[in-house]
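Asker: After the structure tokens below, expect a handful of questions from me.
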Amino acid sequence: MTPITSDCIPEQFKFEQVKSCPVVVNFKGETVTSDAGLTLIAELDRKREITSRLAACFKDYRDQNRVQHSVRSLIAQRVYGLVMGYEDINDHET
């Protein structure tokens, strides 16, 4: 497959800083994984607060002393799984 060149595609895309390591993406490498698009989805979610706003619609009745994962993180996991095509949830533990 011949790559299509375009003046519209930036050479690099810089994400918001994650912890202490900057994340920079360029388009010069080979295909690595089909799940790499999730990084872009997560960045969009952080900026637009999609899963955070959705989580605010729920009342969490769980005992907070026993909660390991927030409602927001559970919703994000489910939404990201659906976006990536993992509808049956059997891959979420790994």
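The values are calculated or read from the model by the stated rules, or taken from the named source; none is laboratory data. Just so you know, these numbers come straight off a predicted model, no measurement behind them. Here Cβ is always computed from backbone atoms with ideal geometry, including for glycine, and neighbour counts include all displayed protein chains.
Asker: Mind checking which residues of the stretch 8-48 are aliphatic (A, V, I, L, M) and at pLDDT below 70? Can you show your working first?
Answerer: If we filter the stretch 8-48 for residues that are aliphatic (A, V, I, L, M), which is where we start, we get 9, 18, 23-25, 32, 36, 38, 40-42, 44.
ILE9, VAL18, VAL32 - these are the residues of the stretch 8-48 that are aliphatic (A, V, I, L, M) and at pLDDT below 70.
Asker: What are the pairs, 6+ residues apart or on separate chains, where a residue within the stretch 42-63 that is farther than 13 Å from VAL79 by Cα has its Cβ under 6 Å from a residue that is at pLDDT 95 or above and in a helix (DSSP H, G or I)?
Answerer: From residues that are farther than 13 Å from VAL79 by Cα, the pairs are PHE58/VAL71; ASP60/VAL71.
Asker: Anything in the stretch 57-76 that is aliphatic (A, V, I, L, M) and either surrounded by 12 or more Cβ atoms within 10 Å (Cβ to Cβ) or touching an Asp or Glu at 6+ places or on another chain (Cβ under 6 Å) (or both)? List them, or say none.
Answerer: VAL71, LEU74, ILE75, ALA76
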